[in-house]
Amino acid sequence: MRIGAHVSSSGGLDKVIDRTRSIGAELCQIFCSSPQSWAFKHLPIDQLLSFKQQAFEHNIGPNFLHGIYLLNIGVSDEDRWNKTIQSLVNYMEVASQTGIKGVIFHPGNHAGLGFDKVLDRCAQAISKVLSSSLGSAELIIENSAGMGNSIGSNFSEIGTLIRSVNNNRCKVCIDTQHSYASGYDITSREGLNQTLQEFEDHIGFDKLAAIHVNDSKKPLGSGVDRHENLGEGYLGLSTFENLVTHEALKDIPLILEVPGQDRKGPDQQNIDILKGFREAAFN
C-alpha cells in the first residue's frame with residue numbers, strides 16, 4: 001500500500017516531486033491547470049519530462065491527475081458537455097506524457113432529470129475521452145457526496161455507468177468522506193466490510209484504482225462535501241486504521257485531500273498517521 005497526497009503544482013510540474021517528498025508522501029495527485037477554469041495551456045516539454053524523471057528517480061508513484069471542478073459528463077448543454085470532454089482529453093494527454101496512472105474526476109450532476117435519463121450521455125462522454133486518448137492512462141470516476149442531483153453517489157450507479165462504457169481503462173476512486181456523506185457508514189469494521197462488499201457486487205475490486213482518504217466535517221448522510229484532517233471529523237481515527245489494515249485494500253494507493261494543520265493542504269502529520277497504521281499492521 002502506497003500513501004500519498006494531493007500536492008500543489010504551482011510554479012510548474014518540475015516542483016511537484018520535491019513537495020511530495022517534503023511531507024513524506026510516496027505518491028501524488030495534482031491539477032495541471034486551474035481547477036476553477038476551462039482554460040488550459042499545454043505544458044512545456046521540459047516540465048513534463050522533469051516530473052517523469054524525478055518521479056522515477058525518487059520512486060514516487062503511482063501518481064494521478066485530478067480533473068477540474070467544472071466537469072459534467074451528464075449535462076444537457078452541448079457547449080459545456082464538449083468542454084468537459086476536451087478538458088479530460090487534455091488531462092489524459094498530460095498523464096500519457098508524464099507516466100501518470102490516470103485522471104480522477106467528479107462526474108457532475110443530472111439537473112433533476114435522474115441518473116437513468118443521463119446514463120447514455122455520461123457513457124458517451126467517457127467513451128469519447130478514452131477513444132481520443134492514446135496510451136494506457138485510466139479515466140477514473142470518483143464517487144460523489146450525494147449533494148443535490150449528483151451523479152455517482154452510490155456504487156450501483158457507478159457500476160451501471162462502467163458497464164455501459166465497457167472499457168478496461170475506465171476505473172473508480174472511492175472517497176471516504178464522500179462515501180460517508182452519501183450514507184455509507186464506514187466507521188466500524190462491519191460497516192466498512194458491508195460497504196466494500198457492495199462495491200465488489202456492483203463494480204468489482206479490479207476497477208478500484210485509488211482511495212481518497214479524508215475525514216468528514218459533516219455527519220453521516222449529510223450529502224455535503226467537506227473534508228477534515230484525520231481524526232478531527234465524524235469518521236475518527238479507527239475508521240482509517242480499519243481502512244489501512246483491510247486485506248482487500250492492501251495494494252490500493254491512498255491519497256490524502258485533507259486541509260492540513262495549517263489549512264494549506266495535506267501535511268506530514270496526516271501522512272504519518274496512515275504510515276503508522278500500515279507499519280503496525282504489516283511490519
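The values are calculated or read from the model by the stated rules, or taken from the named source; none is laboratory data. If you're wondering where the values come from, they're calculated on a predicted model, not measured in any experiment. When we count neighbours, we look across all protein chains shown, and the Cβ atoms used for this are built from the backbone with ideal geometry, even at glycine.
At negative phi, modelled with pLDDT under 95 and not β-branched (V, I, T) - does that describe any residue in the stretch 119-130? No, because not a single residue in the stretch 119-130 is at negative phi, modelled with pLDDT under 95 and not β-branched (V, I, T). Of all residue pairs spaced 6 or more apart or on separate chains, those with beta-carbon atoms under 8 Å, a first member in the stretch 240-264 that is outside any loop (DSSP other than H, G, I, E, B) and a second member that is crowded, with 23+ Cβ neighbours inside 10 Å and among the aromatic types (F, W, Y) are I255/F64. The set of residues in the stretch 13-41 being assigned to a loop (DSSP other than H, G, I, E, B) and either of a type in the set (D, E) or surrounded by 14 or more Cβ atoms within 10 Å (Cβ to Cβ) (or both) consists of I23, G24, A25, E26, L27, F31, C32, S33, W38, F40.
How many residues does the stretch 49-71 hold that are outside any helix (DSSP H, G or I) and among the aromatic types (F, W, Y)?
So in the stretch 49-71, the residues outside any helix (DSSP H, G or I) come out as 58-71.
With among the aromatic types (F, W, Y) added as a condition, the list becomes 64, 69.
Number of matching residues: 2.
Would a scan of the stretch 240-259 turn up a residue that is polar (S, T, N, Q) and either within 21 Å of I104 (Cβ to Cβ) or touching an Asp or Glu at 6+ places or on another chain (Cβ under 6 Å) (or both)?
Filtering the stretch 240-259 for residues polar (S, T, N, Q) gives 242, 245.
With either within 21 Å of I104 (Cβ to Cβ) or touching an Asp or Glu at 6+ places or on another chain (Cβ under 6 Å) (or both) added as a condition, the list becomes none.
Among the residues of the stretch 240-259, not one is polar (S, T, N, Q) and either within 21 Å of I104 (Cβ to Cβ) or touching an Asp or Glu at 6+ places or on another chain (Cβ under 6 Å) (or both), which makes the answer no.
Counting just the residues of the stretch 87-105 that are assigned to a loop (DSSP other than H, G, I, E, B) and touching a residue at least 40 places away in the same chain (Cβ under 8 Å), which one comes out farthest from L70 (Cα to Cα)? Before the answer, list the steps.
First, the residues of the stretch 87-105 that are assigned to a loop (DSSP other than H, G, I, E, B): 99-101.
Retained after the next criterion (residues that are touching a residue at least 40 places away in the same chain (Cβ under 8 Å)): 99, 101.
Values: G99: 25, K101: 22 Å.
Going through the qualifying residues, I end up with G99.
Of the residues D262, D267, only one is acidic (D, E) and farther than 16 Å from E26 by Cβ; which? Break it down into steps so the answer makes sense when it comes.
On the way: D267 fails: farther than 16 Å from E26 by Cβ.
One residue alone meets the criteria, D262.
Going by the structure shown, is Y184 under 20 Å from the mean Cα position of the chain (by Cα), part of a helix (DSSP H, G or I) and buried (at least 22 other Cβ atoms within 10 Å of the Cβ)? Against the criterion (under 20 Å from the mean Cα position of the chain (by Cα), part of a helix (DSSP H, G or I) and buried (at least 22 other Cβ atoms within 10 Å of the Cβ)), Y184 does not qualify. Residues in the stretch 52-74 that are aromatic (F, W, Y) and under 20 Å from the mean Cα position of the chain (by Cα): F64, Y69.
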